[in-house]
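Data block below; observations after.
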Amino acid sequence: MRNLLLISNSTNPGEPYLGWCKELIAKWCKENNVKTALFIPFAGVTVTWEDLTARVKAVYSEFGVEISSIHQHPNAVEAVKNAECIVVSGGSTWNLLAECYTQNILDAIREKALSGTPYMGWSAGSNLACPTIKTTNDMPIIEPKSFNALNLVPFQINPHYLDAHPAGHGGETREDRIKEFMVINPNVYVAGLREATALVVKGDKIELVGREKDMRVFKFEQETKEYPLGSNIEFLLK
């Protein structure tokens, strides 16, 4: 049974790292009796995995969850198999997926997550839970073995979703890019997950949580719709 917390972003302007979602994470960990978690820092590129792990450890220690990083374990696959909870940070989705393929841990993570082991990710970590990483916002700085990701949910997430089109900017909007994806992938929903929001998936149930911001959902040749907190969005899991 899936037990997922998929967060749009780690940091809001003027707030500390994981500040806006710390209470949400603490509540989710308490509900799932999480005491230890395996951290996957592979999305870190301009920050070292050691430093990223230290930042996450500092936050999780505040609510009594002990973090160990997969890069500090001698056997990555065994570390995943023995994990009580899996936590995946944001950063470069491309580097994250490429390193997961290099370490040969994707199948192990998927098996654990689908069997009920709690999985939590933010930004790139949420992208990794999708069928592919084709709706990430990142530049393809490295070529992974495949675009296929964990497929823990049947829809795509676009974290940090923005409606804005800055004055004087001649390029495509985020919605324009998602529409391009839909033409090529007409059978897949895309959830535009705005910052300071998250999705909680428990088995076949899904809920939008966080601050009072709507989620924008796209599907080819269907009307794009906004879903506020509390909406029935279980169609995304069908």
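FYI, it's all coordinate maths here, none of it is from the lab. As the structure is a prediction and not an experimental result, all values here were calculated from the model. Glycine gets a Cβ as well: all are built from the backbone with ideal geometry, and neighbour counts include every protein chain shown.
Tabulated data
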| quantity | calculated |
| --- | --- |
| Exceeding the 29 Å Cα-Cα cut-off - candidates LYS112/LYS225; LYS35/LYS219; LYS30/LYS219; LYS112/LYS213; LYS112/LYS145; LYS112/LYS179 | LYS112/LYS225; LYS35/LYS219; LYS30/LYS219; LYS112/LYS213; LYS112/LYS179 |
| Cα-Cα separations in region 141-231 greater than 22 Å, expressed as whole percent | 35 |
| Low-density loop positions, chymotrypsin sites (Phe, Trp or Tyr not before Pro), region 158-229 - DSSP coil, at most 16 other Cβ in 10 Å | PHE220 |
| DSSP bridge pairs, region 135-227: antiparallel proportion in percent, nearest 5 | 75 |
| Average Cα contact separation per residue, region 5-163, under 8 Å, 6 or more apart, as relative contact order % | 25 |
| Cα-based Kirkwood hydrodynamic radius, region 52-157, one decimal, Å | 14.1 |
| Cβ crowding within 10 Å averaged over residues, with 114-122, 59-67 ranked highest first | 114-122, 59-67 |
| Spatial separation of Cα centroids for region 115-191 and region 46-68, in angstrom | 25 |
| Kirkwood-based Rg to Rh ratio, region 81-210, C-alpha trace | 0.97 |
| Rg to Rh quotient for region 128-181, alpha carbon positions, Kirkwood Rh | 1.02 |
| Peptide ranges 164-170, 85-91, 230-236, 43-49 listed from the most packed, as the mean C-beta count within 10 angstrom indicates | 85-91, 43-49, 230-236, 164-170 |
| The chain - convex hull of the alpha-carbon atoms, volume per residue in Å³ | 130 |
| Residues with amide H under 5 Å from that of GLU195, placed H, sequence gap 5 or more | HIS160, TYR161 |
| Per residue convex hull volume, Cα atoms of region 85-138, in Å³ | 68 |
| Contact order normalised by residue count of region 1-93, Cα under 8 Å, 6+ apart, percent | 33 |
| Cα-based equivalent ellipsoid of region 1-123: semi-axis lengths in Å, sorted from largest, via gyration tensor | 20, 18, 13 |
| Mean projected area (nm²) of the alpha-carbon convex hull when region 112-158 is viewed from all directions | 3.5 |
